[in-house]
Structures are given as structure tokens and as C-alpha cells.
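Please read the structure below before turning to the comments.
The values are calculated or read from the model by the stated rules, or taken from the named source; none is laboratory data. Keep in mind that this is a model prediction, so the values were computed, not measured. Please note: Cβ atoms are built from the backbone with ideal geometry, for glycine as well, and neighbour counts cover all protein chains shown. Ligands, DNA and RNA are excluded from the accessible area calculation, which covers all protein heavy atoms including side chains. Shrake-Rupley method; radii C 1.70, N 1.55, O 1.52, S 1.80 Å.
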Amino acid sequence: MDKATPYPSLFAPFTLAGRPLRNRIVHASMNTHMAENTRVTDRLIQYHANRARGGAALIVTEPISMAPHQNVSYRARAWNDDNLDALKRWADAVESEDCRLLGQIQDPGRGRHNRGINADAISASALPDDLSWIVPHALTVAEIRAMIDAFAHSAARLQRCGFSGVEISAGHGHLFHQFLSPWSNVRTDEYGGDWEGRTRIVAELAAALRALCGRGFILGIRLPGNDHVPGGIGPAEAATIASRLTRPGDFDYVNFVQGTHGRALEWHLPDAHGPRAPYRPLYRELRRAIPGVPLVAVGRITDPAEAEQILASGEAELIALGRPILCDAAWPLKAAQGRARDIRYCVSCNICWDAINTRLQPIACVNNPRVAEADEVDWWPLRAVAQRRVVVVGTGVAGMEAAWIAAARGHAVTAFGCSPAVGGKTRLHALLPGGEALSGIYDYQFAAAGKAGVRFELGVAASVADVLALEPEVVVLASGSRMLPPPWLPPAVRDAGLVPDLRRAIAALLRHAARQIGTAVIFDMDHTEGTYAAAELLRARFDRVVVITPREAIAQGTALVMRQGILRRFREQRIETVVLAEPRWSESFNEGKLEYADVYNGDVGVIPDVAFFAYSTPRVPEDTLAGPLRAAGIEVHLAGDCLAPGGLLAATAGGHAIGNAI
Ligand SMILES: Cc1cc2nc3c(=O)[nH]c(=O)nc-3n(C[C@H](O)[C@H](O)[C@H](O)COP(=O)(O)O)c2cc1C
């Protein structure tokens, strides 16, 4: 342990199954989508090696394919010898950094995010889940035993390859959870009926693992803490299950998780709309059910001080980090060295989840453009060979990322920002409900820019002359985008700018705090988080809020895990939606009456007493400086929305690439 660490509990060593842990930091299992065609890839190994090098004491991998029926291409296979060498390299890359590697055993069972038929779905009983409504095949006793046998033999293979243990994922609504829950298990044989029957599959798997792998092999378990399913597993049922399954010695640690891969998915990844470390009260309660068994706390514990407090107050023995250690592989190292301010903090945006589940891409992070790069750990830019004069126009997160990196590489960088503070549209979003954590992106960039020596010209909407006056060799244009006025606005109204876009309208609204009478309406052709956060702000100000969209539902540009939260808050706050509709221009608009028409049958509706109206629409780049600057012979790079309007992920990644390329 580094003696100077301000977090003595977090960096106190620990032992699991006789194996040493250098501190209390666990990398929680996260699907990376980095395995390809069932193969362990170099990228997958690098991702984990980086987190071991960054100081984690124990890493739980993503779910590994442990039985022949788990034949998904993005799961690394361990049920035969296909990956033997790569599994050994994986274990060695992590274990050689004094970090224990555990493979996760998980089966999704019937749970699916997408609708439609899944002929391979299996479960405890032939009952539909609450999201996909897929009816699974109820496993026979023989199939259960064969599966347990396969899981145990695959775990033994991991052990032979150098893994320190395995973790059974029996929460999150997956297959074992489906057996544990009375809501999904109505079996009448020995694997159902009562708590003994419903927990039998997990108890038998644990016994099989112990029999094949021995007591020196770490055996951890994720159990349901509260699945938020009516008739499912609440805290009382969770305590019953935990005390049945975890007599001391059965498992080396327990980790309680929330939600399901169903309608309660939202609880799985607590986002910034709720409190930090939201599951602490639940752990305090459930801890009583597992006397003598180490507890791993998890769930939006983003800051080392929070982790320290949980450990120091005796609420848990270990702290698991999922998104925070994706965001900064060196989170433990920086905390240990008393450099918490150097951590790139997780902003709980769940875009990592969107990457793997919606776009089926390798895991990615808005605040870490270097995920799984060989030099990711505690990265700082290398000096450029030749130093150049660089001007960055725009201090949103794309421009800021390019600016600090270019400056850290030795270039002389001046950054123009039209607002008095950096952060651009992300700063506006950070002022909306649930947005506050987003400041973590530009706060890090601003601090890094200060360290690297960026010169700022803030509050200046830079003209071509302003830029040329600095005689730059390179210009990074990161001047963002503007929303297109909707086509149904008459040209005269559009050109006069009489109807504002949502960003302009919200920025104006934030300048005064008064409640207002009447209805606020947003025309939504955006479908991302910011629009709905704005609707929530409006709800706190106006009597009524209506979101109109031409699509069949709102929030189609967000991942399910975020969409569920948006929809829940809309329902709770009585924010109304009108779908498959577009406003129509009429003279009565100026008198506070908004007409809209159904996009299919043309039926007209009217919203009276409209006191606020704004549109949130597709954006076009604000790149007017590019032409004249190029004509002046300057090398111009476009970053973020100015290149192609997209989200945060594209903005930081784009700025990062340019900062490194100059
Ligand atoms: C992108 C992503 C993928 C995840 N995949 C898994 C998984 O495969 N198995 C699992 O048990 N948990 C998975 N989780 C849940 C995490 O282990 C963890 O419980 C959750 O992210 C909350 O912790 P955090 O707030 O530290 O991120 C995943 C989380 C994220 C963000």
C-alpha cells in the first residue's frame, strides 16, 4: 500500500480463498463485446490487463461461454479447448500484475431486450418474461444437471489456465435468478416449490464447482438484492435466499445486484437521475443475512472518497466498480497516489451500455477515448516532433479534448469559446435534471488544458479575422451544430427566428427561475436524453408539458436502460406525449393555440394555453469558417458536431483523435 494514500480502508490488503488481494477494488463484470467468433481477442486481454495494471485487486470477466448451448459469438468459449492458449494469456496478463482474475458464469435464460421469437430461450418454467414476452423451454432435470456439469468442467478449465476463481451471476434476472424467483419459477419438482427447491440449482452448482476446483479457487456470487418485479425478489426474499445459500465457506464473497434484464433493467445501472451509491441502504439491511461472508458493494460508487467511507463504516469488505473503471483504468492507481483529481470520472450516462447492447459494438466510454489501447493506463499525450501554432474554435467537449491534447503534445494552443465558460452544449445539459454529472467530462478537460497551457479566449464568437490574426498553422473547428427549423414553419417565421430551438429556449428559461402559467410544448425529432431532461425542467416550471413526435414512441435514440428511466419519469411526472403527429402552422399559434395533425390520417388536435414552444430537431454543422480558413492555406480539422452531428461519444473520440494527429 502507498503510505500516502488518503484512503487507508480502500487500500488495505484482503484475502479471498487464501489468495491475496492488494486492495479492496474489484472490477465488476462487464460485457465488452471484444470477443469475436467465440474467441478471446488481444483487445479483450488488453482491456483487462490495463485494469490490472491500473491497480484493481480483482477482475471479474464478462460472462464466458461455459456450456455448448451458450453459443454466442461475442462470448469467449471455455467449454472446450478452442481458446486454451488465449485463456492462459488472458489469465497471465492479469495475474502477473498482482490482480486476481475470475471468470463469470452466467446464462441469460429467457431474458431478452428485444422483441421477437427466441427459439433457444430456456428457463425454470415456460412463462413469458415481462419485456420480450418470449416463452422459454422449461429445463428438464437432466438438462439442469448436464448444464451444471458443463459449467463446473469449464470452470476447472479456467482454473487450469490460471484463473483465480469464478463468479456465479445469479441476479439481474438471468437464468439462476429465474430459478430463484417465485415469479418465474412455478416448478413442482425438486428445483421449485419452495425456497429450498428454488435455490437448489445454485447450491448444486456451487457444490460441483467446489468438488472440481477446490476451496482455494475463489467462488463469488451475485445475488438479487431487489429485482423490482412484483411478486419477485424484494429485500425480504433476497435475505432469505442469501442466508440459505451462503453459509460461511460456501461462497467467498457475495454481491447483491438490482433489477432484471426486463422491465426493471433500469435498476441494473443506476444513472445520474438518482442518488450516488443508491444501494447502500439495501446492503446495510442484507448484510445481516450473510454473517461472516465478505460483501462486495456495487452501484454508482464513482469516487474513492465514497468507496473509502463505505469500507471504513464497515458496510462492506470490497468495492466493485463497473463503469468507473471502464472510464479510467487507473482509477485505483490515482486514488492510491492521492491523485483523485486526475481521475476521469464516470458520468453515469450509460452510453457504454448503449454501445454494446444497441449498437453491438465493443464497449466504449464518452470520458475515455482510449479504452483498451496499449497505453491507456494513466495516459498523458506524448510530445509532438514539431511544435505548431494551433487555434481551436469551440470549447464544447470535442474542441476541449482536441485543445488539451494538442497543448500537452507541445503545440501552442489558443481556444476560442463563444460562452464565458467551457463545455458547450454539454454544460447546458448539465444544468438540466439528471445532467449534473456530465460536468465531469469538461471539468477534466479544463483542468488538463490548464496543466498543458491552453490559452483561452472565452466569450468570443471567433471570426475568420480573429483566427487569422493568431497566424495559426492548424485550426480545429469544433463550433458545433444548429438545429434545423422544422419544415412546417412558414419561411418568414423561420427566417425571423421567431420560434426558438430547444437549446436557445432552455438557455433563456434558465436565466430566470419563475414558475409560469400555461403549457410547454416540445416538438421532438431528436429522441436523445437532453430533450427529455429539458421536458423535466419544463415540468417544474409549467402547469402542463406535452412532447409531440412524428414517430410512434419517444426516446427511440436512447438505449433501453435509459429509455425506461425516461418513460418512468414521464409517467410519474405526468409529462404528456403525442405520437405520430406534427404541429401545423396557423395564425392561432400566436394566441397560444397549437394545432397538430396525425402523420397518417391527418386528424387534427389542438393544445390550448401554450406558453412555451420549442423544437428539438436534427442538427446541421456550424462550419462556416472552414471554407475561408482553408482558402487562406490553413490546415483545418473538423471535430464533433461540426464534422457530423452526433452524440457525446463521437465528440470526445473525434476531438481526441485530432488532438493526437496534429
Ligand atoms: C456496459 C455494461 C455491461 C455490463 N455487463 C455485465 C455482465 O455481463 N455481467 C454482470 O454481472 N454485470 C454486468 N454489468 C453490471 C455491472 O457489473 C455493475 O453491476 C453495474 O454497472 C453497476 O456498477 P457501476 O455503477 O460501478 O457501473 C454491466 C454494466 C455495464 C455498464
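A few remarks follow.
- Leading residue by the ranking (farthest from the ligand (Cβ to nearest atom)) among those in the range 214-272 that are assigned to a helix (DSSP H, G or I) and aliphatic (A, V, I, L, M): 236
- Residues (open to solvent by 30 Å² or more (accessible area, probe 1.4 Å), in contact with a helix residue (DSSP H, G or I) (Cβ under 8 Å, 6 or more places away or on another chain) and of a type in the set (Asp, Glu)) located in the range 191-234: 196, 204
- Any hit, the range 131-141, residues being assigned to a helix (DSSP H, G or I) and surrounded by fewer than 24 Cβ atoms within 10 Å (Cβ to Cβ): yes
- Members of the range 68-107 found to be touching a His at 6+ places or on another chain (Cβ under 9 Å), within 16 Å of the ligand (Cβ to nearest atom) and either open to solvent by 40 Å² or more (accessible area, probe 1.4 Å) or among the small types (Gly, Ala, Ser) (or both), listed by number: 74
- In the range 353-366, the residues that are under 18 Å from residue 261 (Cβ atoms) and near the ligand (Cβ under 7 Å from one of its atoms) form Cβ pairs under 6 Å with partners that are open to solvent by less than 20 Å² (accessible area, probe 1.4 Å) and not in a helix (DSSP H, G or I), at six or more places apart or across chains, as follows: 353/559; 356/363; 363/32.
- Filtering the range 161-195 to residues that are out of contact with any Pro (no Cβ under 8 Å at 6 or more places or on another chain), under 15 Å from residue 144 (Cβ atoms) and not in a loop (DSSP other than H, G, I, E, B) leaves 168, 176, 178, 179.
- Any chance residue 384 is small (Gly, Ala, Ser), modelled with pLDDT of 95 or more and touching a Leu at 6+ places or on another chain (Cβ under 9 Å): no
- The residue pairs whose first member lies in the range 263-274 and is in contact (Cβ under 8 Å) with a residue 24 or more places away in the chain, whose second member is within 11 Å of the ligand (Cβ to nearest atom) and part of a helix (DSSP H, G or I), and whose beta carbons are closer than 8 Å, counting only pairs six or more residues apart or on different chains, are 265/561; 266/561; 268/561; 269/323; 269/353; 269/561; 271/561.
- Being in contact (Cβ under 8 Å) with a residue 12 or more places away in the chain, of a type in the set (A, V, I, L, M, F, W, C) and not in a loop (DSSP other than H, G, I, E, B) holds for only one residue in 406, 372, and it is 406.
- Hey, residue 5 over 24 Å from the mean Cα position of the chain (by Cα), away from the ligand (no atom under 16 Å from the Cβ), without any contact (Cβ under 8 Å) to a residue 12 or more places away in the chain and outside any helix (DSSP H, G or I) or not: no
- Residues of the range 317-344 that are more than 18 Å from residue 5 (Cβ to Cβ) and either within 10 Å of the ligand (Cβ to nearest atom) or surrounded by fewer than 24 Cβ atoms within 10 Å (Cβ to Cβ) (or both): 320, 322, 323, 326, 327.
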